[in-house]
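The values are calculated or read from the model by the stated rules, or taken from the named source; none is laboratory data. Since we're looking at a predicted model, the values are computed, not measured. Glycine also receives a Cβ, built like all others from the backbone with ideal geometry; neighbour counts cover every protein chain displayed.
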């Protein structure tokens, strides 16, 4: 079986979809699972042993407009997927799967273009996003961790940065990374909230990224 996941949202959304990838592989261990996403998200998915191929849709760059859409569509048609799982709730993602003639397409009932889906899953606002994504497949409530698989060189680079700033002087010292930024204003917490969290964690070393 050939499965395609289409999720062209931001990097945090892609991180939250990693349990979905794991669940699909657990359900269909012999399947090939491909993932269509933005170039900026590739590093999050790289080295994931459950993925066969990462396909890139640079919809704000070289694939902007109808020409880029058709380029990606041509690739998807050639792949001849059996099944598409679409966490992304926008019609363009669903259209890609539909026009690529993927016979089984599942997505959320709140998605624009949900009428094109073969199976619509309720988007339950009371659940965590990870659980909502797992609802797209046969999910019985078991916990599946969020996992990314950084390359070895990434660990070496981070170790070097931390050592240069003296963070490894005490091997028992815990570190917490706070990343307050976002590409979308509605996803940015107020400064007061970050201050409150950092104050509660003041016994632990805090690293701010930006």
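Applying the selection to the stretch 70-91, what residues are touching a helix residue (DSSP H, G or I) at 6+ places or on another chain (Cβ under 7 Å) and part of a helix (DSSP H, G or I)?
Hits for the stretch 70-91 are 72, 73, 76.
Yes or no: residue 29 without any contact (Cβ under 8 Å) to a residue 12 or more places away in the chain and either surrounded by 17 or more Cβ atoms within 10 Å (Cβ to Cβ) or over 17 Å from residue 105 (Cβ atoms) (or both)?
The answer is yes for residue 29.
Need at least 1 residues that are surrounded by 10 or more Cβ atoms within 10 Å (Cβ to Cβ) and either more than 23 Å from the chain's Cα centre (by Cα) or not assigned by TED's automatic domain parsing to the domain that holds residue 26 (or both) per element, so show me which strands (runs of 3 or more DSSP E) inside the stretch 107-210 make the cut, counting only ones lying wholly within it.
Those strands (runs of 3 or more DSSP E) span 175-178, 205-208.
Of the residues 20, 36, 4, only one is over 25 Å from residue 152 (Cα atoms) and touching a strand residue (DSSP E or B) at 6+ places or on another chain (Cβ under 9 Å); which?
Unique residue meeting the criteria: 4.
Which pairs do you get when a residue that is without any contact (Cβ under 8 Å) to a residue 60 or more places away in the chain and at negative phi, found in the stretch 50-75, comes within reach of a residue that is exposed (fewer than 14 other Cβ atoms within 10 Å of the Cβ) and not in a helix (DSSP H, G or I), reach meaning Cβ atoms under 7 angstrom, with the pair 6+ apart or on two chains?
Hits for this filter: 68/62.
Which of the residues spanning the stretch 171-183 are touching a strand residue (DSSP E or B) at 6+ places or on another chain (Cβ under 9 Å) and at pLDDT below 75?
Once the filter is applied, which keeps residues that are touching a strand residue (DSSP E or B) at 6+ places or on another chain (Cβ under 9 Å) and at pLDDT below 75, the stretch 171-183 yields only 173.
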